[in-house]
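Trainee: Sharing a structure, written as structure tokens. Questions coming.
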Amino acid sequence: MTSGLLFFVVGPSGSGKDTLLDGARTVLADTGRFVFARRVITRPADAGGEAHEAVDDATFAAMKGAGAFLIDWDAHGLRYGVPARCLDDLARGVHVVANGSRAVVAELLARLPDLVVVEITTPPDILAQRLAARGRESADVIRARLDRTTPPFPEAATVVRVANDSTPAVGIECFVAALEAQTVRLRLGRLPIAAGQRALAVLPRDCATVRADDYLGPGRIDLAARGRSVRAEVAIAEPGTLPADSVGLTREVFDRLGLPEGTPVVLTRTPTPASRTALRKKIRGGTLDEAEYARVVGDIVEGRYPDSEVAGFLVAADRGLDDDEVLALAKVRARFASRIAWGEPIVADKHSMGGIPGSRVTMVLVPIVAAHGLAIPKTSSRAITSAAGTADAMETLARVDLDADDVRRVVEQARGCVAWNGRLNHSTLDDVMNAITRPLGLESTRWSVASILSKKLAAGATHVVVDLPYGPRARIKSLVEATTLARLFERVGAGLGLAVEAVPTDGTAPIGRGIGPALEARDVIWVLENNPEAPADLRDKVLHFASRILAWDPALGDRDAARRRAEDLLGSGAARAALDRIIQAQGAREPVRPGRLTHTVVASRAGVVADIDGFAVAGIARVAGAPLDKSAGIDLRAGVGDAVGRGDPLFVIHASAASDLEAAARLAADFSGFTIGETTALSAG
Ligand SMILES: Nc1ncnc2c1ncn2[C@@H]1O[C@H](COP(=O)(O)OP(=O)(O)O)[C@@H](O)[C@H]1O
Ligand SMILES: O=P(O)(O)OC[C@H]1O[C@H](OP(=O)(O)OP(=O)(O)O)[C@H](O)[C@@H]1O
């Protein structure tokens, strides 16, 4: 038999405890499911208020000494006790409702972990009026009662708040509903089922407490107990699969709830999202303001919407976000993330819209900026579809899985870092969005402006350069689109208080020679060491961005001086030394060399390289094993515009497994990604 629940009704004098208790007693006492405890108080019986058992101090002390009270306390010069016989009612499975004190919640919770604290709330100004109108206490006593303070409730307490700021009838109705809702309890079970991001709660079809089918459908349910709660979609198990008085949670959501199996948990329907009107307005093509986005994003993060409605919203947002909406979204997203304070006037950062193989600009840019002396706490992603992300390439030299404290320490030691963003500025909102947008192929660049800049703000950046590569195979298809996006980045940045310079760049071909973690890191070291083999296009792109960042330093003032400074830091080896300091601070690793197995792909005809398909080349690098095999990848030997003879090398495939190498070689034989035009046609042009 599941024991009953103790409802401990608390709230400041005048909040309406007696009134709501009297009203609830009228409604529930005859159900046989609830009993209302009769308190023992050292207050005269005719003092008014509840029908308590009146005793004098000596009797109260004797009763206390004899263990007659489940809990007792002193307040307002009086002594209060809840009879211990309530435990018998609880043991019979009957719920007990008692008028209690906020001051003893922790003590009672220690004895009854499933205690339900029902806090009656009323605006302070109304409290005073009600106490005066009640006429039970003198003005001094009323003042003392209004000034009384009590400790906060323990985290583990289940606290249900009932507002009593309307009529008594409404207050009583809400109070009764709150009591009833808490009695819908099921015993918690852990299912041997993993569901990843999805949270599933399985109800037995023959559930004894609720009609399971009533909970099927797009909505979700909340399961709560002992101050903890989770939200889940509902599935139903056929009779006999689960105990009829239980609810089963899939592994991840069970672990998130963090309560032992068998705990009685309260099942309630997830509140209808208050922002649904705004969400539907967007789906119908309307525009939302910041307050509306705050409500919609809040409800989405809280899991109040079924995925279908979130998907509809994202499709609508993907199709139309005006500039004001992007700014509004950025401000709302910034609210969901705590902001690291670096205490410096300039904290530099960089973002690239990516999609161009190679182009490992960050790993050269950060050391230059750090060598100059500006803070640049850069966090980067791992590869999603490419052959390497910055984090993958940096990880061939140093640890990148830094947490926030590591990042702060590394920047203090080396002025910069190149860390993996997976453990930092985590965004629940992104998780929710990505789970829906990725399968749908929704990649709104305008939406990403809000996401990117709000994360930069959270990371504590003050000045951000943004690389917007454009080209037929880049995410941004044209210079016009890149320029429009650049203006949007700068406008939204300004709206967030960030200095942003967004720069369209050539995204028509790979940058650098290496494609794959170790090969890209090799390019980086070559540029930093002024190696004659260093790819000039990578060096130029780095200096282009470095000069923009350094120009923000008032000590330099303009871009020409900044450019010279960047070139000096590179040419003198100061940037190279800065990278070493960063590597040491992050944790040096034995550098990963390019794979020892190689296969050279040669030109099938003489001519001029007219085009290099970055997708194709990155695809070959991935088949060779990148990015998981950090040594695998492509080493380009010819670039766009180079004249090649028949049989000249176009690129060398590196791998560490023969099977990977062969597969990559076969893929390259089908299509190397290189288009070689006629020598005459081009030279004549
Ligand atoms: N919702 C309400 N609207 C108006 N008056 C109320 C309401 N709830 C309680 N009261 C009045 O306020 C005074 C204090 O209520 P009471 O139930 O005694 O509070 P408590 O027991 O928390 O001290 C009483 O005179 C009561 O009649
Ligand atoms: O510790 P607190 O939460 O502040 O409560 C102090 C006391 O006030 C209430 O008593 P009583 O019912 O006599 O006074 P009230 O009706 O004015 O609340 C409540 O039942 C507590 O006994």
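Trainee: Please indicate, with yes or no, whether at least one residue in region 415-423 is farther than 30 Å from GLY571 by Cβ, buried (at least 23 other Cβ atoms within 10 Å of the Cβ) and of a type in the set (Val, Ile, Thr).
Mentor: No, region 415-423 contains no residue that is farther than 30 Å from GLY571 by Cβ, buried (at least 23 other Cβ atoms within 10 Å of the Cβ) and of a type in the set (Val, Ile, Thr).
Trainee: Determine the pairs where a residue that is over 14 Å from ILE41 (Cβ atoms) and in the same structural domain as ARG85 (by TED's automatic domain parsing), located within region 51-74, has a partner that is buried (at least 19 other Cβ atoms within 10 Å of the Cβ) and not hydrophobic (A, V, I, L, M, F, W, C) with Cβ atoms under 7 Å apart, the partner being 6 or more residues away or on another chain.
Mentor: Taking only residues 6 or more apart or on different chains, the pairs are LEU70/PRO83.
Trainee: Here is a follow-up. For region 105-140, which positions are touching a residue at least 24 places away in the same chain (Cβ under 8 Å) and of a type in the set (Ser, Thr, Tyr)?
Mentor: THR121, THR122 - these are the residues of region 105-140 that are touching a residue at least 24 places away in the same chain (Cβ under 8 Å) and of a type in the set (Ser, Thr, Tyr).
Trainee: Now a separate question. Every residue in region 125-151 that is within 13 Å of ligand 1 (Cβ to nearest atom), surrounded by 12 or more Cβ atoms within 10 Å (Cβ to Cβ) and not β-branched (Val, Ile, Thr), please.
Mentor: Matches in region 125-151: LEU127, ALA128, GLN129, ARG130, LEU131, ALA132, ARG134, ARG136, GLU137, ARG145, LEU146, ARG148.
Trainee: Any chance region 321-339 includes a residue that's on the phi > 0 side of the Ramachandran plot and either in contact with a Gly (Cβ under 9 Å, 6 or more places away or on another chain) or not small (Gly, Ala, Ser) (or both)?
Mentor: The answer is no; no qualifying residue exists.
Trainee: Right, ARG143: without any contact (Cβ under 8 Å) to a residue 60 or more places away in the chain, more than 23 Å from PHE36 (Cα to Cα) and within 16 Å of ligand 2 (Cβ to nearest atom) or not?
Mentor: For ARG143, the condition - without any contact (Cβ under 8 Å) to a residue 60 or more places away in the chain, more than 23 Å from PHE36 (Cα to Cα) and within 16 Å of ligand 2 (Cβ to nearest atom) - is met.
Trainee: Related question: When you scan region 193-311 for strands (runs of 3 or more DSSP E) that lie fully inside it, which ones turn up with 2 or more residues that are farther than 26 Å from VAL160 by Cα?
Mentor: Here the list reads 228-237.
Trainee: Next question. Here is a list of conditions, (1) within 13 Å of ligand 2 (Cβ to nearest atom); (2) over 21 Å from ARG148 (Cα atoms); (3) touching a Leu at 6+ places or on another chain (Cβ under 6 Å), and GLY48 meets all of them except one; can you say which number that is?
Mentor: (3)
Trainee: Another one. Give region 20-34 a look and list any residue that's within 12 Å of ligand 2 (Cβ to nearest atom) and surrounded by 20 or more Cβ atoms within 10 Å (Cβ to Cβ), or say none.
Mentor: Those that are within 12 Å of ligand 2 (Cβ to nearest atom) and surrounded by 20 or more Cβ atoms within 10 Å (Cβ to Cβ): LEU20, LEU21.
Trainee: If you don't mind, another one. Would you mind finding the one in ASP30, ASP18, ASP22 that is more than 11 Å from ligand 1 (Cβ to nearest atom) and assigned by TED's automatic domain parsing to the domain that holds ALA110?
Mentor: Among ASP30, ASP18, ASP22, only ASP30 is more than 11 Å from ligand 1 (Cβ to nearest atom) and assigned by TED's automatic domain parsing to the domain that holds ALA110.
Trainee: In addition: Being of a type in the set (Gly, Ala, Ser) and buried (at least 17 other Cβ atoms within 10 Å of the Cβ) narrows it down to one of GLY647, GLY619, so name that one.
Mentor: Going through GLY647, GLY619 in turn, the sole match is GLY619.
Trainee: With the requirement that a residue be free of Cβ contacts under 8 Å to residues at least 60 places away in the same chain and either under 32 Å from the mean Cα position of the chain (by Cα) or closer than 15 Å to ARG382 by Cα (or both), what does region 626-643 give you?
Mentor: Result: LEU628, ASP629.
Trainee: Something else now. With the requirement that a residue be β-branched (Val, Ile, Thr) and assigned to a strand (DSSP E or B), what does region 1-30 give you?
Mentor: Listed by number, the residues that qualify are VAL9, VAL10.
Trainee: Just wondering, is there one or more residues in region 84-103 that are more than 24 Å from CYS174 (Cβ to Cβ), within 16 Å of ligand 2 (Cβ to nearest atom) and surrounded by fewer than 13 Cβ atoms within 10 Å (Cβ to Cβ)?
Mentor: no
Trainee: Can I ask one more? Filter region 256-276 down to the residues that are at negative phi and loosely packed, with under 12 Cβ neighbours inside 10 Å, then identify the one that is modelled with the lowest pLDDT.
Mentor: That would be THR272.
Trainee: Yes or no: ALA37 within 28 Å of VAL170 (Cα to Cα) and surrounded by 18 or more Cβ atoms within 10 Å (Cβ to Cβ)?
Mentor: It is true that ALA37 is within 28 Å of VAL170 (Cα to Cα) and surrounded by 18 or more Cβ atoms within 10 Å (Cβ to Cβ).
Trainee: Cβ-Cβ below 6 Å, separation at least six or inter-chain, first residue in region 587-600 and of a type in the set (A, V, I, L, M), second part of a loop (DSSP other than H, G, I, E, B): which pairs?
Mentor: Final answer for the pair search is VAL592/THR396; VAL592/LYS630; VAL592/SER631.
Trainee: Looking at this structure, is GLY48 within 16 Å of ligand 1 (Cβ to nearest atom) and at pLDDT below 95?
Mentor: yes
Trainee: Confirm whether THR59 is touching a strand residue (DSSP E or B) at 6+ places or on another chain (Cβ under 9 Å), within 15 Å of ligand 2 (Cβ to nearest atom), among the polar types (S, T, N, Q) and over 26 Å from SER3 (Cα atoms).
Mentor: It is false that THR59 is touching a strand residue (DSSP E or B) at 6+ places or on another chain (Cβ under 9 Å), within 15 Å of ligand 2 (Cβ to nearest atom), among the polar types (S, T, N, Q) and over 26 Å from SER3 (Cα atoms).
Trainee: Please state which one of THR598, THR675 is surrounded by fewer than 17 Cβ atoms within 10 Å (Cβ to Cβ), among the hydroxyl-bearing types (Ser, Thr, Tyr) and within 15 Å of ALA518 (Cβ to Cβ).
Mentor: Criteria check complete, one pass: THR598.
Trainee: Now a separate question. For residues that are under 14 Å from LYS281 (Cα atoms) and basic (Lys, Arg), scanning just region 294-327, find the one that is farthest from the chain's Cα centre (by Cα).
Mentor: ARG319
Trainee: A follow-up question, please. For region 284-319, which residues satisfy the criterion of being of a type in the set (A, V, I, L, M, F, W, C) and in contact (Cβ under 8 Å) with a residue 24 or more places away in the chain?
Mentor: Once the filter is applied, which keeps residues that are of a type in the set (A, V, I, L, M, F, W, C) and in contact (Cβ under 8 Å) with a residue 24 or more places away in the chain, region 284-319 yields LEU288, ALA294, VAL297, ILE300, VAL301, VAL310, ALA311, PHE313, LEU314, VAL315, ALA316, ALA317.
Trainee: Quick check on ARG92: is it closer than 30 Å to ASP30 by Cβ and of a type outside the set (S, T, N, Q)?
Mentor: It is true that ARG92 is closer than 30 Å to ASP30 by Cβ and of a type outside the set (S, T, N, Q).
Trainee: A further question on this structure: Working only within region 146-170, note down all residues that are within 14 Å of ligand 2 (Cβ to nearest atom), over 28 Å from the mean Cα position of the chain (by Cα) and either among the β-branched types (Val, Ile, Thr) or assigned to a strand (DSSP E or B) (or both).
Mentor: Listed by number, the residues that qualify are THR149, THR150.
Trainee: Of (1) within 28 Å of ALA163 (Cβ to Cβ); (2) more than 15 Å from ligand 1 (Cβ to nearest atom), GLU119 satisfies all except one. Which?
Mentor: Tallying (1) within 28 Å of ALA163 (Cβ to Cβ); (2) more than 15 Å from ligand 1 (Cβ to nearest atom), GLU119 fails exactly one: (2).
Trainee: If ALA664 passes every condition in (1) more than 37 Å from the chain's Cα centre (by Cα); (2) crowded, with 18+ Cβ neighbours inside 10 Å; (3) part of a strand (DSSP E or B) but one, which one does it miss?
Mentor: Failed condition: (3).
Trainee: Hey, does region 51-68 have a residue that's within 16 Å of ligand 1 (Cβ to nearest atom) and closer than 19 Å to VAL9 by Cα?
Mentor: Yes, region 51-68 contains at least one residue that is within 16 Å of ligand 1 (Cβ to nearest atom) and closer than 19 Å to VAL9 by Cα.
The values are calculated or read from the model by the stated rules, or taken from the named source; none is laboratory data. If you're wondering where the values come from, they're calculated on a predicted model, not measured in any experiment. A quick note on method: Cβ atoms are made from the backbone with ideal geometry, for glycine too, and the neighbour counts reach across all protein chains shown.
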